[in-house]
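This report concerns only the one structure given below.
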Amino acid sequence: MGTGGDGDKAGPALPLEALLALGLDQRTAENALVNSKVTANLAAVIAEAGIKECDKSVGNLLYAVATKYPTNALVHRPVLISYVLSTKIKNPAQLDAALSFLTNTGPDSLDVGKFEEACGVGVVVSIEEIKSTVTDVLEENMEAIKEQRYHINVGMLCGLVRKRHPWGDAKAIKEEIDKRLVEILGPKTEADNIKPVKKKKEKPAKVEEKKVAVATAAPPTEEELNPYTIFPQPEENFKVHTEIFYSDGNIWRAHNTKEILEKHLKATGGKVMTRFPPEPNGYLHIGHAKAMFIDFGLAKERNGHCYLRFDDTNPEAEKKEYIDHIQEIVHWMGWEPYKVTYTSDYFQALYEHAVELIRKGLAYVDHQTAEEIKEYREKKMNSPWRDRPIEESLKLFEDMRRGLIAEGTATLRMKQDMQNENKNMSDLIAYRIKFTPHPHAGDKWCIYPSYDYAHCMVDSLENITHSLCTLEFDIRRPSYYWLLVALGLYQPYVWEYSRLNISNTVMSKRKLNRLVTEKWVDGWDDPRLLTLAGLRRRGVSSTAINSFIRGIGITRSDNSLIRVDRLEYHIREELNKTAPRTMAVLRPLKVVITNLEEGKVLDLDGKMWPDASDTDASSHYKVPFSRTVYIEKTDFRLKDSKDYYGLAPGKSVMLRYAFPIKCTDVIYGDSPDDVVEIRAEYDPLKTSKLKGVLHWVSEPAPGVEPLKVEVRLFEKLFMSENPAELEDWLGDLNPHSKEVIKDAYAVPSLATAVLGDKFQFERLGYFAVDTDSTPEKLVFNRTVTLRDSFGKAGPK
């Protein structure tokens, strides 16, 4: 069919007896019949061979042709079959060489001489030659043979012989080696029959000086070092992308012809061209970060280009707010688009291709309602208007464009295959009528293309080399290529990867939109959401997000739910290196130091970094120590215990960067459980025996309240790991996902913090300045706690 799509007709269903007549064993034959694709290919091969039975060696080779043949070179398959039937190609080694040669040749003309040379046609390796080479190989390896005897790797010896005689009979080579080994070694002994035990690696001698064991990780794989190695180069895009199976047995095999590929490579200079194509109908979430990592990352790694393309085919959903946000957040994530484009930039070209499709008899104007279309698809019935005359559809489509047909009364549908098992081939809608001005294209159009029609076409028009998307689009691949084959357009390489699913949250735009519009959360940038705006506001950096994405990989196989702990591990790893330490007290309990004279304030040094040198002033901040200090309420108990490291009556603790204090008295409020103040004495010589170290904040001057700040603590937004599976997912919202502490205290140095600043509040976690901060009052969001459950298990 057309340029870039080879078509053939699959034969009728094969009976089991037909496959057994080829010499296939029962199990192979039965497995082949289970797979419709293999059955179709076998039927075609048998038809081309024109045989009903053959010996087993020929039959096995024909089976290999049916299952391994490169579909970009189908025009040459009858030639290969004739070589097999005539036994010019008579063993698997020759067939593998032939298949490799034909893969590289593709649909181009076949050079018979080079083909025969490549797969050893006419080359005869005599038994004498095999024997002579076996002798040489055994002599070269005699030392190992005598040492290992019958434990020698015979497969390795066979491989050495086959290197010199690639077309030699593999069975004859093996038999000759076995025979010669018996001649050299004699009959097998009892020891020869014992399976060798693998030697354990000797443990290195203990070195007394080294007291800390260092675990050495396995070296990273090539894919871990560079996850983009799995993608082919642009010049390799001549192979079959996919096979489109029709209900009538017809098969379209989508691939680029040599001419189309050469034209594409000339236009791009052979560069990798990708695209990140978000719909501007909401804010981006962490799943989009994975898409960016793949789309922009591949282009960057190959020195290519990545478009930022807005998929704006629905004028009712798009907003300028979303477009502005997406452009800004892409830049924040560290990516620079080659160009910013819109699907609407191509509306005229898309319209012209739709007209061409109608002229080819591959599209028609339909008047079924949405309900009727759904019903007919379920029943696999054609629309009553499917076979209307081409000229009639052309006129009606023009009327649609001119606004002469009412909205909802007509669509343009692609004439695909209504009886297909894949519903994405059931005459998908290409255009619908919407009397809505477009945010980017204005009021020029009242017909708008569907995603299924526009997406592949714009990929082709922009010369995209790698069209990368999530796995749910896998079933749309046939319709993607159907349209490009139908119009004879360049076909990008499509590859689907697993979606990013993270526990205790939702990431569908529909659900996120409900959370925002129904005010379950405080906007698209609520720090509890895994939108990129929400993560940024919470204090997460793009570096940590990209590190997390790289760690989980970009494979197709893993579509499981990833625990949010794994993301938090990468956040902690970065903040541990970048966030300076400081002190704040969330729920203050007043402590009066009774043996420190009134009015005295000591300026102490707090470390911004754990390993800071005592002589490096830039790595320290000033901490005032006065008669009134504040500790966390949770750091005081009326009853002490062995496993408690806080303050209790008669007990001493160390105040971080300061002195030991000992509780000497407790002041109560209205009840015995209401502790309002602690009296304590400090040890200026630091001679007290200590059990715990507490963070604290002090009055900066007598009677002056410490710096007051607001702190917001966040927990998981949903109580279930996978709320998206729940019918009442909104009922699973965690009522304690946000706690606001209005009157926390902080050290004076935090007064100069600005938006973008991040800190570790010692013993409390990592915190970032929030956008709600004002000159009068700072607001801090807790980014993540200090504990790390994921890291203990070993991150990736």
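The values are calculated or read from the model by the stated rules, or taken from the named source; none is laboratory data. Quick caveat, the model's predicted, so the values are computed rather than measured. Here Cβ is always computed from backbone atoms with ideal geometry, including for glycine, and neighbour counts include all displayed protein chains. What goes into the accessible areas is simple: the full protein's heavy atoms, side chains included, and nothing from ligands, DNA or RNA. Shrake-Rupley method; radii C 1.70, N 1.55, O 1.52, S 1.80 Å.
Name every residue in segment 758-787 that is surrounded by 17 or more Cβ atoms within 10 Å (Cβ to Cβ) and outside any strand (DSSP E or B), in order of residue number. Matches in segment 758-787: 762, 764, 770, 773. Within segment 331-343, the set of residues being crowded, with 17+ Cβ neighbours inside 10 Å and touching a strand residue (DSSP E or B) at 6+ places or on another chain (Cβ under 6 Å) comprises 337, 338, 341, 342. Here the condition is being surrounded by 17 or more Cβ atoms within 10 Å (Cβ to Cβ), on the phi < 0 side of the Ramachandran plot and not aromatic (Phe, Trp, Tyr); of 717, 726, 755, 730, it holds for 717 alone.
Does residue 638 satisfy the criteria of being open to solvent by 20 Å² or more (accessible area, probe 1.4 Å) and not in a strand (DSSP E or B)? For residue 638, the condition - open to solvent by 20 Å² or more (accessible area, probe 1.4 Å) and not in a strand (DSSP E or B) - is met. As an exercise: evaluate residue 688 against (1) small (Gly, Ala, Ser); (2) closer than 30 Å to residue 502 by Cβ; (3) in a loop (DSSP other than H, G, I, E, B) and give the number of the one condition it does not meet. The number of the failed condition is (2). The helices (runs of 4 or more DSSP H) located wholly in segment 293-408 that include 3 or more residues which are farther than 30 Å from residue 536 by Cα occupy 347-359, 370-378, 390-401.
Filtered by the rule that a residue be under 21 Å from residue 585 (Cα atoms), without any contact (Cβ under 8 Å) to a residue 60 or more places away in the chain and in a loop (DSSP other than H, G, I, E, B), segment 716-742 gives a lone residue, 736.
Looking at residue 220, is it exposed (fewer than 14 other Cβ atoms within 10 Å of the Cβ), modelled with pLDDT of 85 or more and either among the polar types (S, T, N, Q) or closer than 30 Å to residue 296 by Cβ (or both)? Against the criterion (exposed (fewer than 14 other Cβ atoms within 10 Å of the Cβ), modelled with pLDDT of 85 or more and either among the polar types (S, T, N, Q) or closer than 30 Å to residue 296 by Cβ (or both)), residue 220 does not qualify. One residue is enough: does segment 313-331 have a residue meeting the conditions charged (D, E, K, R) and farther than 30 Å from residue 434 by Cβ? No, segment 313-331 contains no residue that is charged (D, E, K, R) and farther than 30 Å from residue 434 by Cβ. In this structure, is residue 688 surrounded by 13 or more Cβ atoms within 10 Å (Cβ to Cβ), at pLDDT below 95 and of a type in the set (Ser, Thr, Tyr)? Yes; evaluated as a whole, the condition is true for this residue. Take residue 650 and decide whether it is surrounded by fewer than 20 Cβ atoms within 10 Å (Cβ to Cβ) and at positive phi. So residue 650 passes the test. The residues of segment 102-118 that are under 33 Å from the mean Cα position of the chain (by Cα) and in a helix (DSSP H, G or I), listed by number, are 103, 104. The residue pairs whose first member lies in segment 615-642 and is outside the structural domain of residue 690 (by the TED database), whose second member is not acidic (Asp, Glu), and whose beta carbons are closer than 6 Å, counting only pairs six or more residues apart or on different chains, do not exist in this structure. A Cβ distance below 9 Å, combined with a sequence gap of six or more or placement on separate chains, defines the contacts here; from segment 35-63, residues that are in the same structural domain as residue 90 (by the TED database) and at positive phi reach residues that are open to solvent by 20 Å² or more (accessible area, probe 1.4 Å) and in a helix (DSSP H, G or I) in the pairs 50/85.
Kindly indicate whether any position in segment 375-385 is over 27 Å from residue 248 (Cα atoms), touching a residue at least 40 places away in the same chain (Cβ under 8 Å) and open to solvent by less than 30 Å² (accessible area, probe 1.4 Å). Taking every residue of segment 375-385 in turn, none turns out to be over 27 Å from residue 248 (Cα atoms), touching a residue at least 40 places away in the same chain (Cβ under 8 Å) and open to solvent by less than 30 Å² (accessible area, probe 1.4 Å). Counting only strands (runs of 3 or more DSSP E) that sit completely within segment 422-496, those holding 2 or more residues that are in the same structural domain as residue 408 (by the TED database) and open to solvent by 10 Å² or more (accessible area, probe 1.4 Å) correspond to 429-433.
If you check residue 630 against the conditions, is it in a strand (DSSP E or B), surrounded by 15 or more Cβ atoms within 10 Å (Cβ to Cβ) and modelled with pLDDT of 90 or more? It is true that residue 630 is in a strand (DSSP E or B), surrounded by 15 or more Cβ atoms within 10 Å (Cβ to Cβ) and modelled with pLDDT of 90 or more. For residue 30, the requirement of being modelled with pLDDT of 85 or more and either of a type outside the set (Phe, Trp, Tyr) or open to solvent by 30 Å² or more (accessible area, probe 1.4 Å) (or both) is not met.
The set of residues from segment 691-714 being assigned to a strand (DSSP E or B), open to solvent by 30 Å² or more (accessible area, probe 1.4 Å) and over 30 Å from residue 520 (Cα atoms) comprises 693, 707.
Checking every residue in segment 258-267 against the condition of being within 23 Å of the chain's Cα centre (by Cα) and within 25 Å of residue 478 (Cβ to Cβ) gives zero matches. For segment 643-671, the set of residues classified as without any contact (Cβ under 8 Å) to a residue 40 or more places away in the chain, closer than 23 Å to residue 762 by Cα and either assigned to a strand (DSSP E or B) or among the aliphatic types (A, V, I, L, M) (or both) consists of 648, 652, 660, 662, 663, listed by residue number. Residues satisfying the criterion are absent from segment 352-361 (criterion: closer than 30 Å to residue 530 by Cα and among the small types (Gly, Ala, Ser)).
Yes or no, residue by residue, for (1) of a type in the set (A, V, I, L, M); (2) more than 48 Å from the chain's Cα centre (by Cα):
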| residue | (1), (2) |
| --- | --- |
| 96 | no, no |
| 100 | no, no |
| 131 | no, yes |
| 142 | yes, yes |
| 180 | no, yes |
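To keep it simple, each residue is scored yes or no on (1) at pLDDT below 90; (2) under 30 Å from residue 521 (Cα atoms); (3) hydroxyl-bearing (Ser, Thr, Tyr).
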site	(1), (2), (3)
427	no, no, no
431	no, no, yes
434	no, no, no
439	yes, yes, no
458	no, no, no
469	no, yes, no
487	no, no, no
502	no, yes, no
